[in-house]
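What follows is a short report on a single structure.
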Amino acid sequence: MAVEQPLQPAAATPGDQTRIHNIGYRNYDGPRLGRSYATRSLYSQSLRGAYGLGRSVKSKVLPMLLFVVMCVPALIMVAVAVATKLKDLPVDYTRYAIIMQAVISLYVASQAPQSVSRDLRFKTVPLYFSRPIETADYVRAKYAALASAMFILTAAPLVVLYVGALLAKLDFADQTKGFGQGLVSVALLSLLFAGIGLVIASVTPRRGFGIAAVIAVMTISYGAVSTLQAIADAQGSSGAIPWIGLFSPVTLIDGVQSAFLGASSAFPGEVGPSNGQGVVYVLVLLGLIAACYGLLLRRYRKVGL
Amino acid sequence: MYDPTVARLTYRALLGRRRALILGALPLLLIAISVVVRGLAGADDQTASDLLGGLALATMVPIIGVIAGTGAIGPEIDDGSVVYLLSKPLKRPTIIFTKLIVAIAVTMVFSALPTLIAGFILNGNGQQIAVAYTVAALVSSIAYAALFLLLGTVSRHAVVFGLVYALVWEALFGSLVPGARTLSVQQWSLAVAHKVAGGDLVTSDVGLTTATVLLIAVTVLATWYAGQKLRSLTLAGEE
């Protein structure tokens with residue numbers, strides 16, 4: 001702008017020069033869908049995103065692959081049970097998730113950062129918060145979405161097992177009870193794993209680093225706990241085994257379900273927690289879930305502002 | 001072949017800010033567990049061997065290898081800042097080689113050193129166990145770093161694939177399918193460790209010659225191919 005503006009005396013006729021043109025913008029007068037609608041949308045988009053739906057083909061590969069890997073052993077077990085007319089399923093409903101824990105850990109490690117780290121890295125979090133939703137809504141939607149995705153992942157093989165068991169004409173009441181117990185246990189597992197995964201992932205904007213950190217927490221804690229338990233078992237101090245089990249997510253779930261959900265423990269020597277210890281397990285489990293939720297709320301109170 | 005500036009930048013990317021603390025947490029945990037085990041069980045060669053083999057070599061070394069190996073190049077490719085590095089008058093293989101050296105050094109410091117310390121805490125290097133597992137950790141650090149650096153240049157999901165290899169292939173398949181053990185960095189390094197320790201506590205399913213040849217082949221091939229891959233790198237957009 002090289003044109004030199006002639007200096008106007010400030011007092012002379014203000015308002016003559018300034019003018020607001022109406023260039024045809026229109027107000028939005030449709031329905032405002034509000035906070036709960038936005039939260040629900042965020043939930044459903046995050047849940048779809050956890051399986052790569054609505055994203056590129058490349059990002060569908062891993063979650064779908066893990067889902068298939070999760071279900072195939074159940075299909076094989078059912079096929080074997082039907083073909084050989086077994087009296088009982090080869091694996092308890094409650095035990096299945098414990099056996100497949102590597103797959104579950106990989107799933108939460110790959111999808112938790114996908115869900116929150118990218119929002120941090122591309123600085124989209126402030127954009128969310130400029131909409132009607134608030135911190136608590138964002139945290140709730142993300143947490144619920146990942147927990148639901150985990151529940152789908154862990155409950156699907158149980159459904160396969162249950163349907164297969166009914167097809168194989170196993171005892172209906174017995175199987176239904178086991179199935180119900182299995183569902184409660186995987187629901188707790190989903191909440192716990194999703195919470196831990198999200199808390200770790202929400203700290204780092206780097207997706208790769210988040211994945212490694214989540215998997216490290218899951219496997220190293222399990223490795224450490226099971227090594228210590230094996231040593232305690234070998235030393236003959238089996239009273240210590242249940243207490244050690246409190247320190248890793250998988251053994252925590254194992255302890256809860258063997259105390260209250262009729263599962264046989266995967267601890268060395270099958271020393272599950274007693275009822276008193278079981279109460280401690282449940283308290284620690286619920287405390288951890290609440291702590292994860294609280295930490296997420298705290299983390300997002302300040303983020304992006 | 002070695003460029004100090006690239007090395008310095010890679011060190012900063014790997015260990016800068018709070019990342020060194022997170023990387024350091026794993027070794028500290030290993031040492032803390034060894035102290036607890038020593039206190040609970042006393043010095044026992046079998047226990048020491050189980051702990052070092054099961055926790056240090058099978059879990060800790062691969063995870064640190066994944067973090068260091070993919071972390072040396074992955075994030076740069078991910079956020080596109082690698083173009084500034086590639087536009088400098090440096091040979092691409094030089095960049096890869098430098099990053100490999102850094103990744104190896106980081107993996108060794110954060111996995112082999114704590115293994116040695118944990119071994120000494122556990123049984124005071126009885127039957128050469130501490131030294132044997134340290135050698136295994138050193139050897140596998142090189143192979144893991146090279147493998148995962150290659151993965152970092154090939155795929156955007158390098159961390160996941162690295163972890164799938166380290167945890168599912170080596171741990172799960174290795175325990176179910178004996179043949180899978182022949183193709184496992186962990187077993188190759190155990191073969192070297194077996195040679196060092198000489199006893200029956202450290203064993204491997206692979207012969208020493210096979211293991212050495214495979215280790216060298218994997219390291220060299222992975223590094224070479226990563227260099228080739230970087231020469232024709234295309235930057236993909238964000239999904």
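The values are calculated or read from the model by the stated rules, or taken from the named source; none is laboratory data. What you are looking at is a predicted structure, and each value in this text was computed from that prediction instead of being measured. In this analysis, Cβ positions are derived from the backbone assuming ideal geometry, glycine residues included, and neighbour counts consider all displayed protein chains.
Taking A:GLY54, is it out of contact with any Leu (no Cβ under 8 Å at 6 or more places or on another chain), modelled with pLDDT of 85 or more and more than 14 Å from chain B (Cβ to nearest Cβ)? For A:GLY54, the condition - out of contact with any Leu (no Cβ under 8 Å at 6 or more places or on another chain), modelled with pLDDT of 85 or more and more than 14 Å from chain B (Cβ to nearest Cβ) - is not met. Among the conditions (1) under 30 Å from A:ARG32 (Cα atoms); (2) surrounded by fewer than 17 Cβ atoms within 10 Å (Cβ to Cβ), the only one that A:THR135 does not satisfy is (2). If you check A:THR227, A:THR204, A:THR219 for being within 13 Å of chain B (Cβ to nearest Cβ), in contact (Cβ under 8 Å) with a residue 60 or more places away in the chain, of a type in the set (Val, Ile, Thr) and surrounded by fewer than 24 Cβ atoms within 10 Å (Cβ to Cβ), only one passes: A:THR204. Evaluating A:VAL80 against the criteria (1) farther than 24 Å from A:THR251 by Cα; (2) touching a residue at least 60 places away in the same chain (Cβ under 8 Å); (3) outside any loop (DSSP other than H, G, I, E, B) leaves one unmet condition, (2).
Looking only at residues in segment A:88-122 that are over 13 Å from the mean Cα position of the chain (by Cα), within 12 Å of chain B (Cβ to nearest Cβ) and part of a helix (DSSP H, G or I), the one that is farthest from A:ARG206 (Cα to Cα) is A:ILE99.
Being within 28 Å of B:MET1 (Cβ to Cβ) and touching a helix residue (DSSP H, G or I) at 6+ places or on another chain (Cβ under 8 Å) is the filter here, so list the residues in segment B:199-219 that pass it. Passing the criteria: B:ALA211, B:THR212, B:LEU214, B:LEU215, B:VAL218, B:THR219.
The listed residues are B:GLY80, B:GLY65, B:GLY24, and the only one of them that is within 14 Å of chain A (Cβ to nearest Cβ), in contact (Cβ under 8 Å) with a residue 60 or more places away in the chain and over 30 Å from B:HIS194 (Cβ atoms) turns out to be B:GLY80. For B:LEU90, the conditions (1) within 17 Å of B:LEU221 (Cβ to Cβ); (2) more than 14 Å from every other protein chain (Cβ to nearest Cβ) all hold with the exception of (1).
Segment A:231-305 holds helices (runs of 4 or more DSSP H) entirely within its bounds, and those carrying 1 or more residues that are without any contact (Cβ under 8 Å) to a residue 12 or more places away in the chain and over 23 Å from the mean Cα position of the chain (by Cα) map to A:240-244, A:275-302. Residues in segment A:184-198: is at least one within 14 Å of another protein chain (Cβ to nearest Cβ), modelled with pLDDT of 85 or more, surrounded by 22 or more Cβ atoms within 10 Å (Cβ to Cβ) and part of a helix (DSSP H, G or I)? The answer is yes, given that some residue of segment A:184-198 is within 14 Å of another protein chain (Cβ to nearest Cβ), modelled with pLDDT of 85 or more, surrounded by 22 or more Cβ atoms within 10 Å (Cβ to Cβ) and part of a helix (DSSP H, G or I).
Can B:ILE67 be described as buried (at least 16 other Cβ atoms within 10 Å of the Cβ) and either closer than 29 Å to B:GLY124 by Cα or under 14 Å from the mean Cα position of the chain (by Cα) (or both)? So B:ILE67 passes the test.
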